[in-house]
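Note sheet for the following structure.
The values are calculated or read from the model by the stated rules, or taken from the named source; none is laboratory data. What you see is a predicted model; the values in this text were computed from it and never measured. A quick note on method: Cβ atoms are made from the backbone with ideal geometry, for glycine too, and the neighbour counts reach across all protein chains shown. Note: accessible area is taken over every heavy atom of the protein model, side chains too, but ligands, DNA and RNA are not part of it. Shrake-Rupley method; radii C 1.70, N 1.55, O 1.52, S 1.80 Å.
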Amino acid sequence: MYTDEQLKKFRDIINGSRRAVFFGGAGVSTESGIPDFRSQDGLYKQKYAYPPEFILSATFFRTHTAEFYDFYRDKMVYQNAKPNAAHLKLAQWEREGRLAAVITQNIDGLHQKAGSRTVLELHGSVWRNHCTRCGRSYPAEFVLSCAGVPKCSCGGVVKPDVVLYEEPLDGETLERSVEYIRNADTLIIGGTSLGVYPAAGLVDFFGGDNLVVINKGETARTLLGTLITDSPIAEFFAKV
């Protein structure tokens, strides 16, 4: 749990930052009511006809498309989720000129809802969808309102713009993320166990002054930072 001394140290770091970058994962959104995958109560611990990591694979999408969408609509899109203190504070720091970018592994769009403008979504977004045949774009509401497999007017299957297992990350998004981290004076790692690659490897490009890690539980990698605290991130940010 965090201490008053850690809160003060973090405030001092942020007040002195002009090119901070935030790198976050599922733990940022759990306090908005969106479950993660790997925790004790996460999706991977729940019982389905197929393992969730297989349901969310490119192979399953191709071969069991209707079943993919049953799971996707039920477990992957949270229309009523609202930004929490972490999302709102990051947007505030961007407006104040302290934060240069948010790099997120989440697909829920809560950073944008909070007002953040420079958001790099490593794993895509549930709010964008496209036809796999003609490329036409569709909003999330179209996918959610359809029964069965959503189809484009051309007859093609509409796919969410999320990175499924077996699919590569977007190269341009990765390159931009590397540049932001390389140029950062502060890197804040929050709400992620750093167990998913290649995204977790991005932190190796940081060479700035202050590395901050705020995560509930241990991370998969041992990091030596200016400030490391085992805390729920929204709770911590609400006190800053």
message: Can you give me the angle between helix 171-182 and the longest principal axis of the chain, using Cα atoms only, in degrees from 0 to 90, rounded to the nearest 10?
response: 10 degrees
- prompt: If you place +1 on the Cβ of every Lys and Arg, -1 on the Cβ of every Asp and Glu, and leave all else neutral, what size is the dipole of the chain about its Cα centre, to the nearest 20 Debye?
  reply: 480 debye
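At 1.4 Å probe size, put THR104, THR132 in order of accessible surface, largest to smallest.
THR132, THR104
Quick check for you: with a 1.4 Å probe and neighbouring chains kept, what is the accessible area per residue of segment 1-122, in Å²?
On the way: 5780 Å² over 122 residues.
Accessible area per residue: 47 Å².
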statement: CD proxy, 222 nm, the chain: helix-only mean residue ellipticity via -39,500 (n - 2.57) per DSSP H run with n ≥ 4, per residue, nearest 500, stands at -8500 deg cm²/dmol
Equivalent ellipsoid semi-axes, the chain, via Cα gyration tensor eigenvalues times 5, rooted, Å: 33, 18, 16
- prompt: Once Rh is set to the Kirkwood radius over Cα pairs, what Stokes-Einstein translational diffusion coefficient, in µm²/s, holds for segment 94-218 at a temperature of 10 °C and a viscosity of 1.306 mPa s?
  reply: 97 µm²/s
statement: Connecting every pair of Cα atoms under 10 Å apart in the chain and solving the GNM, the largest mean-square fluctuation among LEU56, LEU194, LEU224 falls on LEU224
statement: Per its Cα gyration tensor (rounded if a/c is under 1.5, else prolate when a/b beats b/c, else oblate), segment 190-240 is best filed as oblate
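Just subtract the alpha-carbon distance of LYS239 and SER153 from 0.36 nm times their residue separation and send over the number in nm, one decimal.
Values: separation 86, 0.36 × 86 = 30.96 nm, distance 4.95 nm.
Computed gain between LYS239 and SER153 is 26.0 nm.
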- request: May I have the pair-distance distribution P(r) for segment 48-114, computed from all Cα-Cα distances with 5 Å bins from 0 and rounded to whole percent?
  value: 3, 15, 21, 15, 12, 12, 10, 8, 4, 1
Farthest positive-ward along the chain dipole, Cα basis, beta-carbon charges - from PRO139, GLN92, THR63: PRO139
- request: Kindly report, to the nearest 10 Å², the accessible surface of MET1 as traced by a 1.4 Å probe over protein heavy atoms only.
  value: 130 Å²
task: Would you please name the GluC sites (Glu not before Pro) within segment 157-207 that are DSSP coil residues with at most 15 other C-beta atoms within 10 Å of their C-beta?
output: GLU166
query: In terms of Cα to Cα distance under 16 Å, which aspartates and glutamates are near enough to LYS151, apart from those fewer than 8 places away along the same chain?
result: GLU67, ASP70, GLU141, ASP161
- request: Work from the charge dipole of the chain (Cβ charges, +1 for Lys and Arg, -1 for Asp and Glu, about the Cα centre) and give the residue of VAL213, ASN15, SER116 farthest towards its positive end.
  value: SER116
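With a 1.4 Å probe and every protein chain left in place, work out the accessible area per residue of segment 167-240 in Å², rounded to a whole number. Spell out each step's value before the answer.
Values: 3560 Å² over 74 residues.
For segment 167-240, the solvent-accessible area averages 48 Å² per residue.
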- line: Excluding ligands, DNA and RNA, the carbon-plus-sulfur percentage of the accessible area of segment 90-188 with a 1.4 Å probe reads 48 percent
